[in-house]
Amino acid sequence: MSATGLAAAAVRAPFTGRARRELLFCLLGVPFIVFLPLAGFFATALLAAHAHGTPWAGRGNPSALAIAAAAAVAVLLTVLLVTTGAARGLAAAPRWLAGRLLGCQVVAPPPPRQARGVLATLEARLRDGPGWRAVAYLLLKVPVALLGGYAAGVFWAAGLVNLTFPFWWLEFRNHPASVRLSPVPVVTPFDWIGQGHFQVTTFPGTFAAFAAGAGMLLTAPWATRAVAVADGWLIQRLLGPGPLAQRLRDLERTRALAVDDAAARLRRLERDLHDGAQIRLATLAMNLGMAKKKLGDHGDVTDAEAARELVSAALQGAKDALGELRELARGIHPPVLDNGLADALATLAASNAIPAELTVSVPVRPTPAIETIAYFCAAELLANAAKHSQANKIKIDVTERAGVLVVRIADDGRGGADPAAGSGLSGLRQRVAVVDGSLDIVSPPGGPTQVTVELPLRA
């Protein structure tokens, strides 16, 4: 991206919908800062006060008793959160918020195993892996929520306040020269290390506050985004159904996608054969039948010119049908792939409407299924770029990294590619998901667009 594009993107960042959703996510996480520590603090304070008030408290070390009480309360609270299912209930809120605001969809874990009897139920709850992971998330949520509150309060709120200094200063600080007013402090993100604090005493100094506020607002989206990304990572790792159950769900989903994709391909192939080659072959048979009648059964030609025209039409129909059958076969498995993915992509790049630069560095050849998926992904992306991007140049970079085939296609077009807009990108994402691949799209308005497809070398 050019320097102008970077500057424009930085100025737009605080006003995007994504920035607003991430800010709201950080603000809604603030209650976690208060709830869990307060619960532990009050319980520990009560227990410690009781320990100090007992006759045996003087025989030992009161500090040691307080620490022991705090540890006991922490253990009891943790066991209580797990055995009552409260941890699952508390963790459901951030998981739901992450899905609604961050687009981080995490499937809820299966419910706890049911058992008969109090002891059996207690044992089942104590063995509840998702419940313990929920407790771990709630404990980690406190420092993450602190960072989110700091980002929202300092970068966003204080940044907006700093922007207002030049506008209200002359109105409220219009005092006589003999009157000395206290300086107004300016909050910056570096106050906590004692390096960013400064005060405004004159009107020219308000412009320094304004500049600090502008810088804070420009960096605010990235501060809240870092917290949201970290929280989303914790939610995915700790609040989901677990690695094994998640893997099973992924396999079920990709198997369903593979079945649906195969069925859709068969229907499309049947439709293409019926509407194309089959009609041409039927016309060919009809023309040959009519030509046979014109030629007669015993050599008595009734209309040689008409028979010649019918034979010529039949010949052209046979050529057209053969061409369509070749196109259909190429859509199933392009023959150029027999020579390898590099040659197939070189053919695509050479015939593309937009000049394309190809770089291939894959020392280990992928399996045929992976090569086919990579080829069709590249073909679809190049077609989309030619149709929508208004680009002048395309770069295709194919590499192998740690057993993963990486196909990266970038253009210098207008950007704004959206999988939800029906451009075929959602279909590509489903196709690569069948083999545990991934598709990542970076396409800000104004460009450029970069699509990265990652596929395993073996499928």
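The values are calculated or read from the model by the stated rules, or taken from the named source; none is laboratory data. Here the structure is a predicted model, which is why all the values come from computation and not from measurement. Virtual Cβ from ideal backbone geometry, glycine too; neighbours counted across all protein chains shown.
Here's the yes/no breakdown for (1) in a helix (DSSP H, G or I); (2) without any contact (Cβ under 8 Å) to a residue 12 or more places away in the chain; (3) of a type in the set (S, T, N, Q):
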position: GLU357; (1), (2), (3): no, no, no
position: ILE370; (1), (2), (3): yes, no, no
position: LEU382; (1), (2), (3): yes, no, no
position: VAL398; (1), (2), (3): no, no, no
position: SER426; (1), (2), (3): yes, yes, yes
**Q.** Lone unmet requirement of (1) at pLDDT 80 or above; (2) buried (at least 18 other Cβ atoms within 10 Å of the Cβ); (3) in contact with a Gly (Cβ under 9 Å, 6 or more places away or on another chain) for ILE354
**A.** (2)
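Based on what the data block shows, is LEU163 on the phi < 0 side of the Ramachandran plot and modelled with pLDDT under 80?
Numbers: on the phi < 0 side of the Ramachandran plot: yes; modelled with pLDDT under 80: no.
So LEU163 does not fit the description; no.
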Q.
Step by step: first the residues of segment 97-121, then only those that are surrounded by 14 or more Cβ atoms within 10 Å (Cβ to Cβ) and part of a helix (DSSP H, G or I), then the one that is modelled with the lowest pLDDT. Which residue is that?
A. THR121
